[in-house]
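Q: Below is a structure I'd like to ask you about.
The values are calculated or read from the model by the stated rules, or taken from the named source; none is laboratory data. Every value quoted in this text rests on a predicted model; they were computed, and no experiment measured them. Here the Cβ is made from the backbone with ideal geometry for all residues, glycine too, and neighbour counts use every protein chain on show. For the accessible areas, the whole protein counts, side chains as well, though only heavy atoms, and no ligand, DNA or RNA atoms are used. Shrake-Rupley method; radii C 1.70, N 1.55, O 1.52, S 1.80 Å.
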Amino acid sequence: MTLVKKWRGAGDVFPSAFSSWIEDFFNESNLPRWSGLSGQPAVNIRETDKSFVLEVAAPGYKKEDFSVTVENDLLTISCNQENKVEESEKGYTRQEFSYSSFSRSFTLPDSVNADNIKGSYNNGILTIELPKKPEAAKVRKTVKVS
């Protein structure tokens, strides 16, 4: 068993075990689903008898920050947010700017009625309801067993 590993070369700053740990830590698959580093919010998609429902986890935004478009059976949800803070006090001035944005696109199935898509934003969750065309809606039927 070896407790100390050799460095790979004179130019290396960290031992290989530590370097490997850094590479593993910053691997995108290890990042949270919604962080400034991964750049994409988590999305839940569920199907009901009459519609598909997308739930986008996007806390900290206002509903005015979102744009939802449908073009050529492609639903695109995007968001742009700009924050400015400016303070002046006793000869000091502080200005801070921050920007955040994301964009997610989904190909709509033929069964979706794109003309009646609805959206709402509540408690950090953007909900998009994609109603199905009447002929695609599942009809529940009871069969009598004799």
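Q: Restricting the first residue to the range 95-123 and requiring it to be closer than 16 Å to Ser78 by Cβ and free of Cβ contacts under 8 Å to residues at least 12 places away in the same chain, which pairs with a second residue that is assigned to a strand (DSSP E or B) and open to solvent by less than 80 Å² (accessible area, probe 1.4 Å) meet a Cβ separation below 6 Å and a spacing of at least six or different chains?
A: Cβ pairs passing all conditions: none.
Q: Still on this structure: Examine the range 19-40 for a residue that is within 25 Å of the chain's Cα centre (by Cα), closer than 28 Å to Glu129 by Cα, hydroxyl-bearing (Ser, Thr, Tyr) and at pLDDT 90 or above, and state whether such a residue exists.
A: For the range 19-40, residues within 25 Å of the chain's Cα centre (by Cα), closer than 28 Å to Glu129 by Cα, hydroxyl-bearing (Ser, Thr, Tyr) and at pLDDT 90 or above: absent.
Q: Kindly establish whether Asn80 is touching a helix residue (DSSP H, G or I) at 6+ places or on another chain (Cβ under 7 Å) and open to solvent by 100 Å² or more (accessible area, probe 1.4 Å).
A: Yes.
Q: How many of the residues in the range 53-93 are touching a residue at least 40 places away in the same chain (Cβ under 8 Å) and polar (S, T, N, Q)?
A: Summing the residues that are touching a residue at least 40 places away in the same chain (Cβ under 8 Å) and polar (S, T, N, Q) in the range 53-93 gives 0.
Q: Let me ask another. Which residue is farthest from Glu135 (Cα to Cα), if the candidates are limited to the range 49-86 and must be over 16 Å from the mean Cα position of the chain (by Cα) and not in a strand (DSSP E or B)?
A: Glu64
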